[in-house]
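Remarks on the structure that follows.
The values are calculated or read from the model by the stated rules, or taken from the named source; none is laboratory data. The shown structure was predicted, so the numbers you read here are calculated from the model rather than taken from an experiment. Every residue, glycine as well, gets a Cβ built from its backbone with ideal geometry; the counts of neighbours run over all protein chains shown. With ligands, DNA and RNA removed, areas are computed over all heavy atoms of the protein, side chains included. Shrake-Rupley method; radii C 1.70, N 1.55, O 1.52, S 1.80 Å.
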Amino acid sequence: MQSFQEMSREELLQEKQELEAAYQKYAHSGLKLDMSRGKPSVEQLNLSMGMMDVLNSGTDLECEDGTDCRNYGVLDGIHEAKVLLGDMIECHPDNIIIYGNSSLNVMYDAISRSMTHGVMGSTPWCKLDKVKFLCPVPGYDRHFAITEYFGIDMVNVPMLATGPDMDIVEDLVSSDPAVKGIWCVPKYSNPQGITYSAETVRRFARLKPAAEDFRIYWDNAYGVHHLYDLDQDHLVEILAECKRVGNPDLVYKFCSTSKISFPGSGVAAIATSKHNLVDIKKQLQIQTIGHDKVNQLRHVRFFKDIYGMTVHMKKHADILRPKFEMINDTLERELAGRDAGTWIAPKGGYFMAFEAMEGCAKAIVAKAKEAGVTMTPAGAPYPYGKDPKDATIRIAPSYPTLEELETATEIFVICVKLVTIEKLLENS
């Protein structure tokens, strides 16, 4: 297929005319398709409806150790839930605190606690002149929203095919005591679907921070969200690696069942070192007497063990896989060789990232919106919503039906072609 950049002005104008005719058909059809967030579809939510039946008024609500889940207590979560989530994220149950439904809330708490009370006896961040956070880009907009809310300076670190550029990470972390943390989505990253290489994880574990209170915010949101049964990415377990190299306190590891069971009523957790757990519990025992143990028990009774969760996630994959494959096939068919953008076909997670020609992302998203397709705002995968190249577009395939997604992808491709041609004509 001929590259747009190799076409003459006349050829570009001819193609633009044909594309505008196709675009207008969609623009006047009254479509309302939403690809803006990584929400599970109704079909996915239905997979967990059996969870509503495992507990009722006649159910024994005692844990294996005799704890009555209806009552107060058990600050750090019931043991059965720790075992289940520990198996999910490859961590020992003793290193886990179970929270409520949202891992984002746990991350917010960690930042807030660091701001007001410091980390393990260090100076509270609110008393420092400058606090910085490293942000691999493109990345997760809600991570960046937390650090922006607390007035923390965010520093972009480019994502490579192996994860964050570790040369930059190592230099900044070791030389600047104002750098207090880094956001990470290490497996099937949001939005590119990249899994950090073994070397990247091991370099993270061996960081030598200038700040004693530096922490890696390891959001393993998609650890079991594979699209394929055998062809999966594998991630080195960061806490064990840190312990092996004498850096046990370096990481906060976050997870939840939000996209496994019900996003609004899942179970979240943090896994970290014993010293960090003691520090966190000082706040937690003031903040709550304990999170929802009935919901924790409900999850354990439904999944039973990690095998049950694995079987459940295969059902999610059966729903998601055709959507990801359809988008990749469409992009390959319509855009490969045209020099209009690049993308990665991930093996898991919830997103794809399209890298458009520089200066085109906002225009593509706006044009798609006019035709009835709502996407994540251009710039969202960057701190402050500012993509320096105006190139990255996040694609969220999960929520629409496959039929709706096919239409949305057709519109998206037309918009990419039109905006790319317009940019080339403008610069010619």
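Looking only at the stretch 305-342, filter to residues that are of a type in the set (D, E, K, R) and outside any helix (DSSP H, G or I); which one of those is farthest from the chain's Cα centre (by Cα)? Show your work before the answer.
Filtering the stretch 305-342 down to residues of a type in the set (D, E, K, R) leaves 305, 314-315, 318, 321, 323, 325, 329, 332-334, 338-339.
Subsequent filtering for residues that are outside any helix (DSSP H, G or I) retains 305, 338-339.
Details: 305: 24, 338: 29, 339: 28 Å.
Result: 338.
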Worksheet item: So which residues in the stretch 307-321 are open to solvent by 50 Å² or more (accessible area, probe 1.4 Å) and in contact (Cβ under 8 Å) with a residue 60 or more places away in the chain, if there are any at all?
Response: 310, 314, 315, 321
Worksheet item: Of the numbered conditions (1) open to solvent by less than 40 Å² (accessible area, probe 1.4 Å); (2) farther than 22 Å from residue 91 by Cα; (3) among the aliphatic types (A, V, I, L, M), residue 216 satisfies every one except a single condition; which is it?
Response: (2)
Worksheet entry | Which listed residue is free of Cβ contacts under 8 Å to residues at least 40 places away in the same chain and at positive phi, from 58, 66, 77 | 66
Response to the item:
The condition from (1) crowded, with 22+ Cβ neighbours inside 10 Å; (2) closer than 25 Å to residue 203 by Cα that residue 245 misses is numbered (1)
Practice prompt. Would you check which residues across the stretch 70-79 are open to solvent by 20 Å² or more (accessible area, probe 1.4 Å) and closer than 19 Å to residue 301 by Cβ and list them?
Written response: 70, 71, 74, 79
Worksheet item: Looking at (1) open to solvent by 50 Å² or more (accessible area, probe 1.4 Å); (2) of a type in the set (A, V, I, L, M); (3) not in a loop (DSSP other than H, G, I, E, B), which is the one condition that is false for residue 269?
Response: (1)
Practice prompt. Can you run down the residue pairs with Cβ atoms below 6 Å, 6 or more apart or on separate chains, where the first is in the stretch 234-258 and at positive phi and the partner is open to solvent by 30 Å² or more (accessible area, probe 1.4 Å)?
Written response: none
Discussion item. Of everything in the stretch 391-413, what is in a helix (DSSP H, G or I) and open to solvent by 20 Å² or more (accessible area, probe 1.4 Å)? Give them in sequence order.
Written reply: 402, 403, 404, 406, 407, 410
Practice prompt. Kindly indicate whether residue 276 is part of a loop (DSSP other than H, G, I, E, B) and more than 29 Å from residue 321 (Cβ to Cβ).
Written response: no
Discussion item. Take the residues in the stretch 371-390 that are out of contact with any Lys or Arg (no Cβ under 8 Å at 6 or more places or on another chain) and farther than 21 Å from residue 38 by Cα; name whichever of them is least open to solvent (accessible area, probe 1.4 Å).
Written reply: 388
Response to the item:
Output for Cβ contacts, cut-off 6 Å, separation at least six or different chains, first residue on the phi < 0 side of the Ramachandran plot in the stretch 368-389, second open to solvent by 100 Å² or more (accessible area, probe 1.4 Å), reads 378/362; 389/358
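Here are some residues: 136, 164. Which one is within 19 Å of residue 177 (Cα to Cα), in contact with a Pro (Cβ under 8 Å, 6 or more places away or on another chain) and crowded, with 16+ Cβ neighbours inside 10 Å?
Values: 164 fails: within 19 Å of residue 177 (Cα to Cα).
The conditions single out 136.
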Discussion item. Return the residues of the stretch 167-203 that are open to solvent by 10 Å² or more (accessible area, probe 1.4 Å), among the aliphatic types (A, V, I, L, M) and farther than 14 Å from residue 349 by Cβ; say none if nothing qualifies.
Written reply: 168, 172, 178, 198
